[in-house]
1. Only one of these is surrounded by 14 or more Cβ atoms within 10 Å (Cβ to Cβ), out of contact with any strand residue (DSSP E or B) (no Cβ under 6 Å at 6 or more places or on another chain) and either closer than 18 Å to residue 419 by Cα or not assigned by TED's automatic domain parsing to the domain that holds residue 34 (or both): 68, 76, 80. Name it.
2. Run down 199, 224 and say which single residue is out of contact with any strand residue (DSSP E or B) (no Cβ under 6 Å at 6 or more places or on another chain), surrounded by fewer than 14 Cβ atoms within 10 Å (Cβ to Cβ), within 30 Å of residue 160 (Cα to Cα) and modelled with pLDDT under 75.
3. State whether the residues of the range 302-324 include one that is over 41 Å from the mean Cα position of the chain (by Cα), loosely packed, with under 13 Cβ neighbours inside 10 Å and modelled with pLDDT under 75.
4. Within the range 108-136, restricting attention to residues that are modelled with pLDDT under 75 and part of a helix (DSSP H, G or I), which residue is farthest from residue 37 (Cα to Cα)?
5. What are the residues in the range 155-180 that are in contact (Cβ under 8 Å) with a residue 12 or more places away in the chain and farther than 16 Å from residue 212 by Cβ, if any?
6. Identify, please: which residue in the range 46-61 is free of Cβ contacts under 8 Å to residues at least 24 places away in the same chain and in a helix (DSSP H, G or I) and is, among those, surrounded by the most Cβ atoms within 10 Å (Cβ to Cβ)?
7. Which of the numbered conditions does residue 273 fail, given that it passes all the others? Conditions: (1) in contact with a helix residue (DSSP H, G or I) (Cβ under 7 Å, 6 or more places away or on another chain); (2) modelled with pLDDT under 85; (3) closer than 30 Å to residue 255 by Cβ.
8. Which residues, counting only those in the range 357-371, are part of a helix (DSSP H, G or I) and either in contact with a strand residue (DSSP E or B) (Cβ under 9 Å, 6 or more places away or on another chain) or surrounded by fewer than 22 Cβ atoms within 10 Å (Cβ to Cβ) (or both)?
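The values are calculated or read from the model by the stated rules, or taken from the named source; none is laboratory data. Computed from a predicted structure; not experimentally measured. Reconstructed Cβ throughout: ideal geometry from the backbone, glycine too, with neighbour counts over all protein chains shown.
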C-alpha cells in the first residue's frame, strides 16, 4: 500500500498492463524484506516462548534440570541460519530486485498517459499533431466537427485539416490510430521560410470526400530501458562492488584535494611574481617594515582574493558532494551486515521476553514486539539520516540501533535465566509496599 500511494501518480491513467503493475509490486515486496524479517523473528520468538511459558512447559523443563539456554539452543541455531540467509538476500537478491524495480519504474514514469481524446478540447498527446473533436457518438468511433493541426514537418501551423464527420478506429495490432474524415478541407501554406517571400508563397486548399490519417501510437507503448544503465547506483551493487567503488571514490577525493591545494598555491605564487616583476615605479620595497601598499598592489591583491574565494566556494561544494556520495555507498555497505545482525539481536530480545511475560498468541506478544520494533526502526532511520547528512560517520549511524538493543537483549536473557518477574505488576507493588512505613496497630 505504501508503494501504491507513493507512485500512484506515475501509474494511473497510462494504460499499463496488469502484469507490469504485478511486476512492480513483486519487486517492491522484495525491498520490504529488511523491514519485515526482523519483526517476524521478534514476534515469532516472543509467541513461541510465551506459549511454552503460558502452558507451564518451561516450568516442567526447568524442574527436570534443563536450563533456559539449552531450551533456546535449537531456536538459536534457526536464528543464526536466518541471519546468514538474510545476509545472502541483502547481498545478492536485494541489489537485483532494486535494479529491476528501478529500471521498470523509470520506464513507467517516462510512459505517456493513455490515449484519451475529450470532446471540445485540443489533444496534444500524439507527436506532431494537435486535434479537436467537437462531438463523439455513442459507438465511440463516429466523430463530428474535426480539426487537425499537422506539425509533423516542424514548420508551425502551416497545415490544417477540417471535416464535418469522420470515423476513429484502432488498428488490429493497436500500433496505429486510423482516422477517416468525410466532407472536409485541407489548408496548407507552402512557405519556404525565406525573408521577403511571405507574399509570394502559394497557398494550397484541397477539398475531399474521404481522407485518411494514420497516427503512430508506438510512443504510447511501454519501452523497456537497458538495465545496465542503472547498475552503477549504490542500491544495485553487492558488497564487493560497493567496496571497489568506495576505494575508487576515496582515491579520487584525495587526488581532488591535492589538486585544490596546488591550485590555491599557484594563485599565491602568481600574485607574488606579479609584485616582483610588475611593480610600478616609485613603489618602495614591500619587504621593509615601513613599506606602504600602493593602489596597484591593493587592486591586484583584491582581485586574487576574489578569485581564490570563488574557486574555494566551488571546490567546497564539490568536495561535499563527493563526501555525500561516499557516505551513501558506505551506508549501503554497512546495511548488508546490519540486516542479519538485527535478526539475531531481535531474537535475543524476543525469546527471553516471551519467557518473562508468559503470554502466547497474538495479543500481548504483538504489542510488546511492536514497541521494541519501533525502538529499533526509529533508531535505525535516525542514525542513517545523520550518517547521510554527514553528522556522524556511516559506521556509527548504521550500527547505533544494534548497539542500543544488544545490551537490552543480554539483560532480558539474564533476567529470564534467573526467572525474574520483570513484567509482574504484583512484584513491583510488593516492592514499594516494603518501602512504605508500616502502620502501628
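1. On the way: 76 fails: either closer than 18 Å to residue 419 by Cα or not assigned by TED's automatic domain parsing to the domain that holds residue 34 (or both); 80 fails: either closer than 18 Å to residue 419 by Cα or not assigned by TED's automatic domain parsing to the domain that holds residue 34 (or both).
Criteria check complete, one pass: 68.
2. Working: 224 fails: within 30 Å of residue 160 (Cα to Cα).
Unique residue meeting the criteria: 199.
3. Within the range 302-324, none of the residues are over 41 Å from the mean Cα position of the chain (by Cα), loosely packed, with under 13 Cβ neighbours inside 10 Å and modelled with pLDDT under 75.
4. Out of the qualifying residues, it is 110.
5. Matches in the range 155-180: 155, 158, 160, 174.
6. From the range 46-61, those free of Cβ contacts under 8 Å to residues at least 24 places away in the same chain are 56-57, 59-61; that's our starting set.
Okay, now just the ones that are also in a helix (DSSP H, G or I), so 57, 59-61.
Working: 57: 13, 59: 13, 60: 11, 61: 15.
Filtering first and then ranking leaves 61.
7. If we test residue 273 against (1) in contact with a helix residue (DSSP H, G or I) (Cβ under 7 Å, 6 or more places away or on another chain); (2) modelled with pLDDT under 85; (3) closer than 30 Å to residue 255 by Cβ, just (1) comes out false.
8. First, the residues of the range 357-371 that are part of a helix (DSSP H, G or I): 357, 364-371.
Listed by number, the residues that qualify are 357, 364, 366, 367, 370, 371.
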